[in-house]
Ligand SMILES: C[S@@+](CC[C@H](N)C(=O)[O-])C[C@H]1O[C@@H](n2cnc3c(N)ncnc32)[C@H](O)[C@@H]1O
C-alpha cells in the first residue's frame, strides 16, 4: 500500500513537471548561462540578427517617442533581456538614437533609466560584469553633457506587473513574448491522458484541440502582458516587440516538429521513455501577425503604429556549408531549450539529443529552405 502511494505521488510530481505550470516555467526556463561553448552568450547570433532586422522600426518608434514627450529622465525597459552581448547592444541602440535626435533638436541630453528584465533564473551577473565597459564606452563616445545613464536588473515575469504605474516611456522586447507563462491547459484529456502524443508543439499529427489550447494560452498571456504594460507606461509611451510568428493560424512549427521527431527516434531506441515524450510540450506559441494585431486592438490600450513581418533562415548565414549550418541551428536551439529539456529528459540525454537533432536539421535543410517568420510590432500607449 505504502509503495503504491509513493508511486502515485512520484507520478503526480513527474506529471507536474511535464505539464509545466506557471510557477514551473518561471523557475525552469533560462537561456544557457555563462560564456562557455554552449552558452546563450556564444549562441545568440540568430536573436542578434532579429534585433538588427527590426532596427529601422525600433529607431522610428524611439524618434517618435522622443519628439512627442521629450522627458527629462527617460525610463526604458528591455523585457526578456537574457544575458550576453545582445542585452546591452539593444540598450546602446536605443540610447544612440535618442542622443542623435536630441542633438538634432538642440535639446539637453535626458537622463536614462534602463531596466533589464528577465526571469529570476537569468544570468544577470553576466550582464552586470559587462556594465563597467559599457559605461566606459558611453563616456568615450558621448559628449560631456550626455546622460547620465543608470542600468539595473529587474528579475520578474513580464506576465504581471514589474514596474510602478505610469513609470516607463519606452518598452522593448525581442524574441521573448512567444514564450508562454505555462504549457497550455487542455493538452490532457479529463482522465489525464496525453492528447499530443509523440509531439512537443502543434504538429501535423496533433488533434485540432492542441492548436486551440495553444492559442488560448497565448491570448491569456499576451493580454496580461498588454494590461501590465498599459499600467506601467505613460500615455504616449512607445513599445516595440519582435517575436517569432506563423504564416497562418494553427501552422505546425517545423522546427519543433523536427525536435519532436528527434526525441521520437530516442524513444524507439529505448533511450528515453515514451510517456515522457507524450507528456512534454513546449511553453511557446508563434502567433500570426493578424492574431497579434487583433489582440492589441481588442485590449484597446495601445494603438498599432507599425506591424511588419520578415523571414530569416534557420542558420542565418546560407553561405556556410550545410554541416556548419545544421550545427549552428542545433547550438542555437540547445542554448535556448536545454533547461526545459533537461528537466524532462535528464542532462545525460542532451549531447545525444542535439547530435541527432543536428543531423535531422541537416537533412531537412538539404531538402527545403527553412526559415523563421518574424513579427515586429510598434505600438503607442493611448491616453
Ligand atoms: C531567446 S531569449 C531573447 C533574449 C534577448 N532579448 C535577445 O534578443 O537576445 C528569450 C528571453 O525571454 C525570457 N523570458 C521568457 N519568458 C519570460 C517572462 N515571462 N518574463 C521575463 N522574461 C521571460 C527568457 O528567460 C529569455 O532570457
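Filter segment 218-247 for residues that are more than 17 Å from the chain's Cα centre (by Cα) and either assigned to a strand (DSSP E or B) or over 16 Å from residue 159 (Cβ atoms) (or both) and give the result. Break it down into steps so the answer makes sense when it comes.
Keep residues of segment 218-247 that are more than 17 Å from the chain's Cα centre (by Cα), which gives 227-228, 230-238, 247.
Correct list: 233, 234, 235, 236, 237, 238, 247.
Return the residues of segment 86-100 that are surrounded by 19 or more Cβ atoms within 10 Å (Cβ to Cβ) and within 16 Å of the ligand (Cβ to nearest atom); say none if nothing qualifies. Selection gives 86, 87, 88, 90, 91, 94. When residues in segment 315-347 are screened for being assigned to a loop (DSSP other than H, G, I, E, B) and either buried (at least 20 other Cβ atoms within 10 Å of the Cβ) or within 16 Å of the ligand (Cβ to nearest atom) (or both), 2 of them pass.
From the list 121, 113, which one is surrounded by 15 or more Cβ atoms within 10 Å (Cβ to Cβ), within 10 Å of the ligand (Cβ to nearest atom) and farther than 20 Å from residue 51 by Cα? Spell out the reasoning first.
Values: 113 fails: within 10 Å of the ligand (Cβ to nearest atom).
Step by step, each of 121, 113 is checked, and only 121 is surrounded by 15 or more Cβ atoms within 10 Å (Cβ to Cβ), within 10 Å of the ligand (Cβ to nearest atom) and farther than 20 Å from residue 51 by Cα.
Selection of segment 176-214 for residues being closer than 18 Å to residue 245 by Cα and over 23 Å from the mean Cα position of the chain (by Cα) yields only 204. Residues that are assigned to a helix (DSSP H, G or I), within 30 Å of residue 279 (Cβ to Cβ), within 16 Å of the ligand (Cβ to nearest atom) and in contact (Cβ under 8 Å) with a residue 12 or more places away in the chain within segment 19-74 comprise 22, 24, 25, 26, 27, 28, 46, 47, listed in sequence order.
Looking at (1) at pLDDT below 95; (2) out of contact with any helix residue (DSSP H, G or I) (no Cβ under 9 Å at 6 or more places or on another chain), which is the one condition that is false for residue 228? In the conditions (1) at pLDDT below 95; (2) out of contact with any helix residue (DSSP H, G or I) (no Cβ under 9 Å at 6 or more places or on another chain), residue 228 misses (1) alone.
Please enumerate the residues belonging to segment 78-112 that are part of a strand (DSSP E or B) and either under 30 Å from residue 339 (Cβ atoms) or modelled with pLDDT under 95 (or both). Before the answer, list the steps.
Let us first name the residues in segment 78-112 that are part of a strand (DSSP E or B), namely 78-79, 111-112.
Passing the criteria: 78, 79.
Of everything in segment 138-161 that is part of a loop (DSSP other than H, G, I, E, B) and within 16 Å of the ligand (Cβ to nearest atom), the residue that is nearest to residue 218 (Cα to Cα) is 159. Would you mind stating whether residue 130 is more than 15 Å from the ligand (Cβ to nearest atom), in contact (Cβ under 8 Å) with a residue 24 or more places away in the chain and either out of contact with any helix residue (DSSP H, G or I) (no Cβ under 9 Å at 6 or more places or on another chain) or in a helix (DSSP H, G or I) (or both)? It is false that residue 130 is more than 15 Å from the ligand (Cβ to nearest atom), in contact (Cβ under 8 Å) with a residue 24 or more places away in the chain and either out of contact with any helix residue (DSSP H, G or I) (no Cβ under 9 Å at 6 or more places or on another chain) or in a helix (DSSP H, G or I) (or both). When residue 177 is tested against (1) away from the ligand (no atom under 14 Å from the Cβ); (2) touching a helix residue (DSSP H, G or I) at 6+ places or on another chain (Cβ under 8 Å); (3) part of a loop (DSSP other than H, G, I, E, B), exactly one condition is not met: (1).
Applying a threshold of 8 Å to beta carbon distances and a minimum spacing of six or more residues, or different chains, the list of pairs starting in segment 80-94 at a residue that is touching a residue at least 40 places away in the same chain (Cβ under 8 Å) and more than 22 Å from residue 36 (Cα to Cα) and ending at one that is part of a loop (DSSP other than H, G, I, E, B) and more than 7 Å from the ligand (Cβ to nearest atom) is empty.
When segment 189-205 is limited to residues that are surrounded by 19 or more Cβ atoms within 10 Å (Cβ to Cβ) and under 13 Å from residue 279 (Cα atoms), the one that is modelled with the lowest pLDDT turns out to be 194.
The values are calculated or read from the model by the stated rules, or taken from the named source; none is laboratory data. Note that the coordinates shown come from a computational prediction; the quantities given were computed from them, not determined experimentally. Please note: Cβ atoms are built from the backbone with ideal geometry, for glycine as well, and neighbour counts cover all protein chains shown.
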